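Undergrad: Would you mind keeping the following structure in view while I ask a few things?
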Amino acid sequence: MATKYHQISLSDIFSDYQNSFIDDSTSFFSLLSEHFDLNEFIPSEFLTAFYLSIGRKRLYPLQGVTTHFI
């Protein structure tokens with residue numbers, strides 16, 4: 001008996017994630033935070049420049065700010 005394969009395209013994956021984001025955004029963000037470490041994507045030079053003392057204290061951590069923009 002022949003096995004039939006189904007090729008998944010990138011647009012199918014994107015539409016599945018988009019539907020998941022629209023339907024249940026809290027589970028989407030928990031899935032995102034579980035599988036992606038945002039600190040790996042932030043260069044160390046940018047991290048030190050963000051926390052550089054310029055006369056004011058940062059209220060929010062850099063990871064919180066980047067999560068807000070996602």
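Undergrad: So what's the back-of-envelope 222 nm ellipticity for the chain, counting only DSSP H runs of four-plus at -39500 (n - 2.57) apiece and dividing by all residues, rounded to 500? Can you show the working numbers first?
TA: Numbers: 5 runs with 44 residues, N = 70.
About -17500 deg cm²/dmol.
Undergrad: If you take the square roots of the eigenvalues of the alpha-carbon gyration tensor of segment 23-69 and sort them as a ≥ b ≥ c, do you get rounded (a/c under 1.5), prolate (a/b over b/c) or oblate? Let's see the in-between values first.
TA: Values: a/c = 4.40, a/b = 2.00, b/c = 2.20.
In terms of gyration-tensor shape, oblate.
Bear in mind that the values in this text are calculations on the coordinates, not laboratory data. Please read all numbers here as calculations on a predicted model, not as lab measurements.
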